[in-house]
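The next block holds one structure in the form of structure tokens; read it before the comments.
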Amino acid sequence: MTSFEKKMSALRPVWSKWDRTNAIIGWSFLALTMFVGFWVAFGTGYAPARNALFQYAPLKVPVPGRTVPPFLPLYLRGLVCFSTVWLVMLGAAVQNYFGHFQGSRSIYLMRRLPQRWELARRCLGEPALCLAGSFIIYLLTGVTCFIYYWFRTPAGCLPPNVWAWIGG
């Protein structure tokens, strides 16, 4: 067992086994799902708005005065992905807690350990780490979406106060 596996096993319930392959597959699946889900949520709002900027008569011509919607509402559509992960991790924490009530996995033993927060760490550790990782993925994907939003929107079609959502 490597040092990383020992650190991760301290965040998991005693009765669960740490398997590196399953963990890598699970984390990769979570990251890919978050990334794709966020881009789909962002794209379904941005693509129609960008296409509405143009008239497709004989040629593609920009319509004067039309702008794309501000970035923040499009960005917040991705919270659906993050909230889904939040609900799944809440379910994992509940499953970890109630797993201590089955068979010889005594909740009584966990409660009388000298480390006061051992039960909470074992039940909430891995879901909290997963939530932190998914929030970082959410922020990084938001940055890439903003770069896409900034460079793909034609000149003059951005909203008048693009930076208002960050207080600028």
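The values are calculated or read from the model by the stated rules, or taken from the named source; none is laboratory data. Because the structure is predicted, anything quoted here is derived from the model rather than measured. No Cβ is skipped: glycine too gets one built from the backbone with ideal geometry, and neighbour counts run over all protein chains shown. Side chains included, ligands, DNA and RNA excluded: accessible areas come from the protein's heavy atoms. Shrake-Rupley method; radii C 1.70, N 1.55, O 1.52, S 1.80 Å.
Some observations on this one:
- Counting only trypsin sites (Lys or Arg not before Pro) that DSSP places in a loop and that have at most 11 other Cβ atoms within 10 Å, the longest clean stretch of the chain runs over 18-111.
- The chain: projected area of the alpha-carbon convex hull, averaged over directions, in nm²: 14.1 nm²
- Solvent exposure of S28, expressed as accessible area, is near 60 Å², computed with a probe of 1.4 Å over the protein chains only.
- Among G103, G43, G133, residue whose mean-square fluctuation peaks in a GNM of the chain (springs only between Cα atoms under 10 Å): G103
- Most fluctuating residue given options A128, A23, A41, as computed from a GNM of the chain linking Cα atoms under 10 Å: A23
- Mean ellipticity per residue at 222 nm, deg cm²/dmol - from DSSP H runs of n ≥ 4 across the chain, formula -39500 (n - 2.57): -21000 deg cm²/dmol
- Across the range 63-69, computed HN-Hα scalar couplings (Karplus, 6.51 cos²θ - 1.76 cosθ + 1.60, θ = phi - 60°) run 8, x, x, 7, 10, 7, x Hz from first to last residue, x flagging Gly and Pro.
- Acute angle (nearest 10 degrees) that the helix 79-98 long axis makes with the longest principal axis of the chain, alpha-carbon atoms: 10 degrees
- Rounded to the nearest 10 Å², the accessible area of I24 at probe 1.4 Å: 100 Å²
- Acute angle (nearest 10 degrees) that the helix 20-51 long axis makes with the longest principal axis of the chain, alpha-carbon atoms: 20 degrees
- Potential extension, I147-L79 segment - 0.36 nm per residue separation minus Cα distance: 22.6 nm
- Couplings 3J(HN,Hα) for the range 142-155, derived from phi with the Karplus relation 6.51 cos²θ - 1.76 cosθ + 1.60 (θ = phi - 60°), are x, 5, 5, 5, 5, 4, 4, 4, 5, 8, 8, 7, x, 4 Hz, where x marks Gly and Pro.
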